[in-house]
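Scroll down for the structure; my scribbles are underneath it.
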Amino acid sequence: MSPGRVRELVRKEMKQMLRDPKMKRIIFVAPVIQLLVFGYAVNTDVRNAPTILVDQDNTPTSRALADALTASGNFKITERSSRSGDIDQSLDDGSVLAGVLVSPGFERDLRAGRNPAIQVLVDGSRSNSANLVRGYALRIIQRFGTEQSGQAPPMTADFRPQVWYNPDLQSKVYNVPAVAGVIILLMCLLLTALAVVRERELGTLEQLMVSPMQPSELILGKTIPVAIVGLIDLVLVTTVALLWFRIPFRGSYLLLFAASLLYILAALGMGLLISSISRTQQEAFMTMFLLFFPAMLLSGFMFPISSMPPAIQLITLINPIRYFLEILRGLFLKGAGLDVLFPKLAVLAVMATVLLLLASKGLRKKIG
Amino acid sequence: MTERIFAVARKELIQLRRDPRSLTLAFGLPVLLVLLFGYAVSFDVKDIRLAILDEDRTSTSRELIDAFRETKVFRDLGAISRRADADRLLTKGKAQIVIIIPEGFAADAAAHRGGQIQALVDGADANTASISVSYAEATVGTWGQRHEAKLSTMPSGVRPEIRAWYNETLDSRLAIVPGLIAVIMMVIAAMLTSLTIAREWERGTMEQLASTPVHPLEVIGGKLLPYLAIGMIDMGGTVLLGIFVFQVPFHGSLLLLFLTSLLFLLGGLGLGIFVSALVKSQLVATQMSMLITFLPGFLLSGFAFDIDNMPVVLQGVSLLFPARYFIVVTRGIFLKGVGIEVLWPQILALTLFALGGLTLAVRVFHKELEP
């Protein structure tokens with residue numbers, strides 16, 4: 001193997017990749033814009049849930065309840081009515097997430113100690129938000145009841161949750177690094193999956209084959225430029241996450257760099273492997289899609305892994321995104337060190353090695 | 001005119017048939033994906049990994065621990081004996097929540113001084129964490145009430161009666177499956193056509209087509225028809241899966257779903273043709289269509305993240321992506337059983353999208369074919 005030839009190929013690949021201004025924008029601008037946009041989208045905190053209030057009691061107490069709901073910041077009363085049928089209407093057309101019904105006689109019953117009910121209807125077709133809103137409503141109404149009844153609450157148990165790493169329970173500190181990881185993987189796959197197939201379809205692969213270039217040199221020459229681009233993208237999106245979204249970073253940058261390098265190498269291995277088994281660009285693209293889609297959904301990013309069926313949980317063990325996200329979370333939020341992250345880094349390293357070896361084997365066969 | 005459209009469509013079909021791998025993918029992919037993800041993923045938080053540190057060691061504290069073990073949401077990792085273990089389990093991510101019952105809990109509870117229960121929660125995943133906190137709180141609350149009821153009478157208060165409509169048990173699968181159908185069909189539609197015209201340019205067969213008397217409109221019509229048929233078959237397959245395999249209740253009108261799917265697919269396929277006619281390269285066409293449909297379909301459509309929670313500017317941006325409207329339609333027809341009287345704004349938006357997608361496709365195509 002000659003380092004000089006590899007260097008020349010890397011230079012040629014870089015030039016080719018960056019020559020097209022459209023491509024340059026896709027590589028360097030798209031990830032940043034994607035993170036800026038999606039960073040705001042990936043939010044599961046429910047603040048100001050649009051709510052319809054049907055207050056048929058209309059007393060100081062019922063108004064105090066409405067105030068308690070809005071004062072929490074979890075509910076925002078966007079519609080008011082006196083007919084309970086309007087709750088159905090508003091839930092049907094999706095303009096509210098919850099409806100609160102205060103029946104007539106609420107204040108009187110409360111004073112008389114008759115345990116009046118407050119009905120809350122939530123839109124179960126948006127189950128995620130509905131679940132959270134249900135919890136908020138339960139807590140606020142119960143507390144309101146004890147306050148209003150004037151009796152001291154039964155002091156049997158005093159529950160004191162203490163949330164680590166993310167005391168305000170903001171979902172963005174969890175999700176923004178995850179989006180960054182997904183964007184980087186998508187970029188690396190798109191750049192490599194079509195790389196070799198494209199040369200073959202365009203007929204330039206034959207030219208490379210007649211050159212004195214060895215297959216291993218060719219593979220290195222194809223991998224290094226994308227790895228460089230991937231790392232530059234990673235620096236860009238990390239900067240956006242830290243400075244724009246103000247995600248706390250508590251770990252070591254050196255570890256972040258090491259983990260990213262392994263992750264990017266695994267992604268490249270995956271991309272090149274796809275390239276080596278596909279005959280056309282269309283096929284490569286579809287295969288990439290077929291792999292990327294499950295990898296994203298089964299990574300623990302949107303859906304918790306612990307809620308998946310056991311068989312699927314096993315599948316997530318071979319998903320590089322899963323490990324990278326666990327490392328990112330450890331570094332960003334927990335300030336975890338090498339002692340905690342070592343097993344995950346090791347898995348990524350093994351994955352990268354195996355994928356790159358398989359890819360080079362496949363490519364050797366294709367070229368040779 | 002119709003004759004020539006069918007001729008182009010027939011040519012496209014023959015080409016498709018010659019590429020059995022792609023054809024299998026076109027038919028199999030959506031059904032496979034809905035099947036896999038409908039089964040695999042859910043937003044439900046269960047099996048929260050729980051560790052308990054009981055420093056009190058009384059019958060009262062054991063009663064409380066049993067209350068935690070009884071709930072299905074927590075999976076008990078077993079008792080631990082030192083605070084340092086709690087820290088270690090959380091830092092390593094082994095436990096998601098650690099309940100600590102300090103010494104003197106039973107005595108305080110009996111004396112109504114509020115027996116302290118501490119919970120350490122891994123807040124890294126905010127969503128799971130807030131759900132675990134509220135489950136833990138509810139578990140402690142229920143236990144407290146039971147304990148209290150044994151000793152004295154319950155004080156009066158307000159009874160919250162909370163019900164979830166359309167999805168009584170808040171099973172997230174019922175919301176995910178209709179959403180998944182919309183998101184997957186969005187990606188598939190654009191993908192099906194985004195390569196078709198770019199390929200003809202790359203292989204130089206577009207010039208051959210241009211030299212025939214076929215009008216650009218007929219080319220687009222002919223290219224569209226086979227993929228529209230494939231898309232509708234995919235759509236039918238995924239809807240049947242949703243109803244029969246995942247048991248998602250279907251309350252609305254099948255005809256309305258059929259018609260809106262047609263609109264949605266026309267727009268998506270038109271968009272794919274537009275992209276591929278615009279860039280003329282399969283590589284760039286695939287990247288563009290992925291960029292436009294894939295992540296926005298997942299993240300800006302209300303599928304996983306509620307649009308109501310987004311900043312206003314982003315809510316405006318989300319209006320540009322048709323998956324957003326189609327999700328409201330599928331969830332509305334499946335779960336709510338609403339009809340055109342509620343869904344007309346979405347249907348209007350999808351109609352505009354279909355018209356826009358097709359117009360753009362014809363426009364660009366026209367321009368590119370001009371000598």
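Out of all the residues in the range B:203-226, which are of a type in the set (Asp, Glu) and either within 11 Å of B:Ile5 (Cβ to Cβ) or crowded, with 20+ Cβ neighbours inside 10 Å (or both)?
The one that is of a type in the set (Asp, Glu) and either within 11 Å of B:Ile5 (Cβ to Cβ) or crowded, with 20+ Cβ neighbours inside 10 Å (or both): B:Glu218.
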- Message: Looking for something more than 9 Å from every other protein chain (Cβ to nearest Cβ) and of a type in the set (S, T, N, Q) - is there at least one such residue anywhere in the range A:111-121?
- Response: no
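Considering every residue within the range A:168-177, establish whether at least one is more than 9 Å from chain B (Cβ to nearest Cβ), assigned to a helix (DSSP H, G or I) and more than 30 Å from B:Gly252 (Cβ to Cβ).
yes
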- Message: Quick check on the range B:296-313: of everything there that is surrounded by fewer than 21 Cβ atoms within 10 Å (Cβ to Cβ) and part of a helix (DSSP H, G or I), which residue is nearest to the other protein chains (Cβ to nearest Cβ)?
- Response: B:Asp308
- Note on the structure: Being in contact (Cβ under 8 Å) with a residue 60 or more places away in the chain and either surrounded by fewer than 21 Cβ atoms within 10 Å (Cβ to Cβ) or away from every other protein chain (no Cβ under 12 Å) (or both) narrows A:Val54, A:Val46, A:Val32 down to just A:Val32
- Item | the range B:88-146, residues that are free of Cβ contacts under 8 Å to residues at least 60 places away in the same chain, under 22 Å from B:Arg49 (Cβ atoms) and of a type in the set (S, T, N, Q) | B:Thr91, B:Gln96, B:Gln118, B:Ser130, B:Ser134
- Message: Just to be sure I understand the filter: pairs with C-beta atoms under 7 Å, separated by 6 or more residues or on different chains, first member in the range A:10-23 and more than 17 Å from A:Thr204 (Cβ to Cβ), second member part of a helix (DSSP H, G or I) and not polar (S, T, N, Q). Which pairs pass?
- Response: A:Leu18/A:Lys24; A:Lys22/B:Val284
- Item | Residue within the range A:324-345 that is within 29 Å of B:Val183 (Cα to Cα) and at the interface with chain B (Cβ under 9 Å from one of its Cβ atoms) present | yes
- Query: Regarding B:Ala111, is this residue at pLDDT below 85, over 35 Å from the mean Cα position of the chain (by Cα) and loosely packed, with under 15 Cβ neighbours inside 10 Å?
  - Reply: yes
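One line per residue, one yes/no per condition, for (1) among the aliphatic types (A, V, I, L, M); (2) under 20 Å from B:Tyr135 (Cβ atoms); (3) not in a loop (DSSP other than H, G, I, E, B):
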site: B:Ser22; (1), (2), (3): no, no, yes
site: B:Leu29; (1), (2), (3): yes, no, yes
site: B:Leu32; (1), (2), (3): yes, no, yes
site: B:Glu63; (1), (2), (3): no, yes, yes
site: B:Asp76; (1), (2), (3): no, yes, yes
site: B:Arg88; (1), (2), (3): no, no, yes
site: B:Ala109; (1), (2), (3): yes, no, yes
- Task: Scan the range A:122-148 for residues that are within 31 Å of the chain's Cα centre (by Cα), touching a residue at least 60 places away in the same chain (Cβ under 8 Å) and facing another protein chain (nearest Cβ under 7 Å) and report the count.
- Result: 4
- Residues in the range B:122-164 that are more than 8 Å from chain A (Cβ to nearest Cβ) and at pLDDT 80 or above total 3
- Counted residues, the range B:41-67 - those being under 31 Å from the mean Cα position of the chain (by Cα) and at pLDDT 85 or above: 3
- Message: Against the conditions (1) of a type outside the set (D, E, K, R); (2) more than 10 Å from every other protein chain (Cβ to nearest Cβ); (3) in a helix (DSSP H, G or I), where does B:Leu320 fall short? Just the number, please.
- Response: (3)
- Query: Of the residues that sit in the range B:229-240 and are touching a residue at least 24 places away in the same chain (Cβ under 8 Å) and surrounded by fewer than 20 Cβ atoms within 10 Å (Cβ to Cβ), which one is farthest from B:Leu269 (Cα to Cα)?
  - Reply: B:Gly237
- Message: Looking for something buried (at least 22 other Cβ atoms within 10 Å of the Cβ) and under 20 Å from A:Glu201 (Cβ atoms) - is there at least one such residue anywhere in the range A:313-326?
- Response: no
- Item | Hey, B:Thr351 at pLDDT 90 or above, crowded, with 21+ Cβ neighbours inside 10 Å and farther than 30 Å from A:Ala195 by Cα or not | no
- For the range B:88-121, name all the residues that are acidic (Asp, Glu) and more than 9 Å from chain A (Cβ to nearest Cβ). B:Glu103
- Task: Select from the range B:65-87 the residues that are within 10 Å of chain A (Cβ to nearest Cβ) and either surrounded by 20 or more Cβ atoms within 10 Å (Cβ to Cβ) or basic (Lys, Arg) (or both) and list them in ascending order.
- Result: B:Arg75
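The values are calculated or read from the model by the stated rules, or taken from the named source; none is laboratory data. All figures in this text were calculated on a predicted structure; none of them were measured in a lab. Counting neighbours? That spans all protein chains shown, and the Cβs are built from the backbone with ideal geometry, glycine included.
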